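Here the structure comes first, spelled out in structure tokens, and everything after it is commentary.
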Amino acid sequence: MEKKSLTITGYKPHELNIFNEEDTKITVIKETIKRRLVPYLEEGLEWVVISGQPGVEMWAFDVIQSLKPDYHVKIAVIPPFVNQDKVWNEEKQRKYQQMISQADFSKPLSEKEYESPKQYQTRDRWLIEKTDGCMILFEEEYGGSPKFFHRLVTQYEEQHDYEITVINSFELEEVARDLQESGQLE
């Protein structure tokens, strides 16, 4: 089935031991997302939908923006609630506001501010039901914040025509080696 829409999610920076934007792991993650995304784009992918979380989602946004000159792809940022960035540090808030302003579409799922973890479950279900597939940076044995999304999406996949693309540490290591060998990574 041709994929018209895809959601991308995964770990937050601290879960990957990334504490500054200059970390080379970000370069590897972005390149991996790009390599996985391009075949979808060449097959007609039209929309990427994210919730705007720091980490994989923000890096995926950057990748989409870099691919826009070559592909007709749009990005939607759908936060679970209003002011989701309120508790983030200044740098993440700035990046988030920039993303919202550059997105092709953005609207919170709830017009309320944070009330309970249930809003994240609602977000995950919505992202899964409104897209044809997902790309997730996730390690089952590690768990972390994406485990809830992963659990939900694998249950959904059992009953629906839905494609899950998992990026794991082996793939990241392979891309890192490629980048080092080509001199793109120190």
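The values are calculated or read from the model by the stated rules, or taken from the named source; none is laboratory data. Note that the structure is predicted; figures quoted are calculated from it, not measured. Positions of Cβ are backbone-derived with ideal geometry, glycine not excepted, and every protein chain shown enters the neighbour counts. Just the protein is used for accessible areas: all its heavy atoms, side chains included, with ligands, DNA and RNA removed. Shrake-Rupley method; radii C 1.70, N 1.55, O 1.52, S 1.80 Å.
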message: Suppose we filter Glu31, Glu15, Glu57 for residues that are within 15 Å of Gln97 (Cα to Cα) and open to solvent by less than 50 Å² (accessible area, probe 1.4 Å); which single one remains?
response: Glu57
query: For segment 33-47, how many residues meet the condition of being part of a loop (DSSP other than H, G, I, E, B) and touching a strand residue (DSSP E or B) at 6+ places or on another chain (Cβ under 9 Å)?
result: 2
field: Residue pairs meeting the criteria (Cβ under 7 Å; at least 6 apart or on separate chains; first open to solvent by less than 50 Å² (accessible area, probe 1.4 Å), in segment 134-160; second part of a loop (DSSP other than H, G, I, E, B) and among the β-branched types (Val, Ile, Thr))
entry: none
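Under the condition of being part of a loop (DSSP other than H, G, I, E, B) and under 26 Å from Lys130 (Cα atoms), which residue from segment 75-89 is most open to solvent (accessible area, probe 1.4 Å)? Walk me through how you get there before you give the answer.
The initial filter retains those residues of segment 75-89 that are part of a loop (DSSP other than H, G, I, E, B), namely 78-83, 88-89.
This time we only want the ones that are under 26 Å from Lys130 (Cα atoms), so: 78-83.
On the way: Ile78: 7, Pro79: 5, Pro80: 3, Phe81: 8, Val82: 35, Asn83: 75 Å².
Within segment 75-89, the match that is most open to solvent (accessible area, probe 1.4 Å) is Asn83.
Among the residues of segment 110-131, how many are in a loop (DSSP other than H, G, I, E, B) and over 17 Å from the mean Cα position of the chain (by Cα)?
8
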- request: Please go through segment 17-55 and pick out each residue that is closer than 18 Å to Thr131 by Cα and among the aliphatic types (A, V, I, L, M).
  value: Ile33, Leu37, Val38, Leu41, Leu45, Val48, Val49, Ile50
- request: Of the numbered conditions (1) touching a residue at least 24 places away in the same chain (Cβ under 8 Å); (2) in a helix (DSSP H, G or I); (3) within 16 Å of Met135 (Cα to Cα), Lys92 fails exactly one; give the number of that condition.
  value: (3)
